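What follows is one structure encoded as structure tokens, with my remarks underneath.
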Amino acid sequence: MARFLVRPAVVTRSAGVALAVTAIALAGCPHQLSTETTSAQQETNVDQAADILGYVAGVLNGLGSYDSVDTNARDIFDMNDAARRALETGVPGSLVSQLNQWIILQSRLADWRRDPLLATLPEQLQKLPQLADLETMGFSPPDGIELRQAMWLRDASNWAAGETQNDLERAKRLFDWVVRNIQLDATDDADAPRLAWHTLLLGHGPAIDRAWLFMLLARQQGLDVVMLACPPTDGDSPPQPWVPALVLNEELYLFEPALGLPIPGPDGRPATLAQAAGDDGLLRQLDLDDEHPYEMTSARLQAVTAMIEASPMYLSQRMALLESQLAGEQKVVLSVDAASLADSLRQCKHVADARVWALPYERLAAQARLGLKGKQRLAAEFEPFVVPFPREVKKKVVMVPALWKGRVLHLLGEFSGEEGAMRYYQVSRPSESELARGPAILQEERADLRGKITNDEWRQAANRFSQLAPMAKHNASYWLGLIAFESQNYTTAADYFAKRTIDVDVNSPWRAGALYNLARAEEALDQTEDAVSVYRQIESPQRHGNLLRARWLEEKRAF
């Protein structure tokens, strides 16, 4: 078995005190220490809490090494089960246990309150179990998954935003990263409700999920991005989500995830809501022709609703307390003051109301309703991530979930080196002859399985491997192109997109993304005519936006 695990939970200084306090907590006693605690004990507890927090911060900031998704020989006989385990666990168990040892040494936040904006959620969503736990001073395994998502978002946003300190420019870079890295799907798959980190890992999703990721990435950079919703055309439906907008200096700057473009303003910057509401011409520049108009008008933007991403995690006391203790390079955003942001939004022109965005809660509710078959359908998309591939480490061959490992390191911005994303992506790209030999199983594991697996099970495993391993290889090739692009190696990037993705499979699931990123690489290489030609041949849900981009490139227009 090859396992990426954090070291076992440590026993730090004053272990006796920690165990005693833990016992009190498990017995249901209050979290605050007794008033009879001596000054010496209090000092010891402060040291103990600092030790534990240091350990927790080390795990959170080292998830590239501590990811606990594992593979073993038996996984090849049920890859769906392996994928479900990866989705439901994948975080070192010691992280949650150490957080619980830390938090029982803390006092509650004096100024914490349940965010009053939760009252704007539909009544049925206010009954979700996650909202009953907002005050809880204890961490659960799902909290570990949420923390992992926050760290992925933080690290991806750090390198995607670059060095600029200009807030609007940082937002533009984050949005552009989402457009290049999250291939646009036509519609949401209601049978497999994805959370934000699912989309981040998969690298594709519908426009609404692009918007969700953009909002969360911006949050890690200290930027407020909200979803704008317009009055419905029929007058009876709820407000209809339109585009995400950056809140900056009482203005709302507009980004169109379905087009893959900021909406251009009159000054070369993204248009503001006030500008678009006051000049329908700004929206009409998004029309392709009379038969292909952009379906939004300034008349519908006179009174919009601003919807705030306020998932339960970001409203809980325990996450706010943890965030308050992490500073410097360890800092990660784990909370949002939705009510205060709503007050600010109501001061913006053309904002009639502000409320909590229901979509994250709808996804949580849909996830809770998934039975076994629903979980299997969701996990099926992730099966290529957990295919075990052999890798030599210190002259010893081990089996690793190479695509999962590479993708996580990619998001964390750890591209190069023996423990970098590129290395693991290459491990996910065995030769055709290696693929033809079927799943690799170490000799000792094969001996352990002898007599326990039927011939039919062996054949089924080999057949499933022959389906999943090429998919993993294809994903890895595409993502290597994206890493080359991020590294400004545009010629190499173009080679991966053209020769190792598009040319390999005419029906590639990455065809649209590879063509789009090929055109972006050609733009960067000043091959404008080639880029325009590629944009115009892409058949994808983003076709409208790609044709606009081609037109504006020909016009040498800034956008």
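Here the calculated FRET efficiency for E529 and W159, from their Cβ-Cβ distance with R0 = 35 Å, stands at 0.65, rounded to the nearest 0.05. Annotation for region 484-536 versus region 264-292: alpha-carbon center distance of 28 Å. Note on V504 and Q302: the extension gain reaches 67.8 nm, defined as 0.36 nm multiplied by sequence separation minus the Cα-Cα distance. Peptides 534-547, 141-154, 512-525 ordered by packing proxy, namely the average of other Cβ atoms within 10 Å per residue, highest first: 512-525, 141-154, 534-547. Can you work out the FRET efficiency for the pair A366 and D81, with r the C-beta to C-beta distance and R0 = 22 Å, to the nearest 0.05? Efficiency, from the Cβ-Cβ distance: 0.55. How high is the FRET efficiency between E555 and A327 when r is their beta carbon distance and R₀ equals 45 Å, given to the nearest 0.05? Once rounded, the FRET efficiency stands at 0.40. Where a Cα-Cα gap under 28 Å defines reach, which lysines qualify for K499, not counting those fewer than 8 residues away within the same chain? Straight-line reach from K499, under 28 Å: K405, K473. Once C-alpha pairs closer than 8 Å and six or more residues apart are averaged by separation and normalised to the residue number of region 318-471, the relative contact order reads 15 percent. Under a cut-off of 16 Å between alpha-carbon atoms, report the aspartates and glutamates in cross-link reach of K127, not counting same-chain residues fewer than 8 places apart. Candidates past the 8-residue exclusion: D115, E135, E362. Using a cutoff of 8 angstrom between alpha carbon atoms and counting only pairs six or more residues apart, the relative contact order for the chain works out to 15 percent. Here the contact order of region 308-365, divided by its residue count and restricted to Cα pairs under 8 Å and six or more residues apart, works out to 40 percent.
Note that the chain presents 44 Å² accessible area per residue, ligands and nucleic acids not counted, probe 1.4 Å. Rounded to the nearest 10 square angstrom, I104 shows an accessible area of 10 square angstrom against a 1.4 Å probe.
Length available on full extension from T89 to N455: 0.36 nm per residue minus the Cα-Cα distance, which gives 128.7 nm.
The values are calculated or read from the model by the stated rules, or taken from the named source; none is laboratory data. Here the structure is a predicted model, which is why all the values come from computation and not from measurement. FYI the Cβ positions are ideal-geometry reconstructions off the backbone, even for glycines, and counts take in every protein chain you see. Keep in mind that these areas ignore ligands, DNA and RNA; they rest on the heavy atoms of the full protein, side chains included. Shrake-Rupley method; radii C 1.70, N 1.55, O 1.52, S 1.80 Å.
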